[in-house]
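What follows is calculated from the coordinates using simple rules that are stated; it is not laboratory data. None of these values were measured; they are calculated from a predicted model. In this analysis, Cβ positions are derived from the backbone assuming ideal geometry, glycine residues included, and neighbour counts consider all displayed protein chains.
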């Protein structure tokens, strides 16, 4: 199967989910933003699934797509790890419903690909994402992470990353 024209990068979270819809060849951003959810966890999970599924369904209408998702992170606080895993589960269901191909990347891998530092913070990531994608200003942190995931999956040449 040929590479899909569009890539969707997703940075999972329980209150904020970053997303970026990126055209593979030209690195043109179709959509970039954050899904903000509130309320009790079960309602946030349903909202996350619904919103991610709506984005993926809209994008999938243009042809097959790849989804680049941050791999699960294990935190010292078990409750945080469990809640994030549940949010990822809601996102995985949305990806399955959209029949998209899933690719997962560890945070240290996409951070290193974008900034050269696998432990980079969002203050270093957002300006790099804005520069690579030719945005007027750095995106919010979660959207920047999603953009970085999409950029990494697109296989951007090192010359653009430097």
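For the range 1-154, the relative contact order comes to 31 percent (Cα pairs under 8 Å, sequence separation of at least 6). Using only the C-alpha atoms, the convex hull of the range 51-102 corresponds to 60 Å³ per residue.
Note on the range 1-89: percent of Cα-Cα distances in each 5 Å bin, starting at 0 and stopping at the bin with the largest distance, equals 3, 14, 24, 22, 17, 11, 7, 3, 0. Placing a label point 7 Å from the Cα of residue 117 along the Cα-to-Cβ line, no residue of the range 67-83 has its backbone N under 14 Å from it. By DSSP, the beta bridges lying fully in the chain are antiparallel in about 60 percent of cases. The helix-based estimate of mean residue ellipticity at 222 nm for the chain, built from -39,500 (n - 2.57) per DSSP H run of four or more residues and divided by its residue count, is -15500 deg cm²/dmol to the nearest 500. Working note: Debye formula, equal point scatterers on the alpha-carbon atoms of the range 6-161, no solvent; log10 I(q)/I(0) at q = 0.13, 0.15, 0.19 Å⁻¹ is -0.53, -0.72, -1.15.
Projecting label points 7 angstrom from Cα along Cα→Cβ for residue 74 and residue 40 puts them 3.1 nm apart. Computed from label points 7 Å out along Cα-Cβ, the spacing between residue 50 and residue 28 is 3.2 nm. Extension gain, residue 137-residue 102: 0.36 nm per intervening residue step, less the Cα-Cα distance, totals 9.7 nm.
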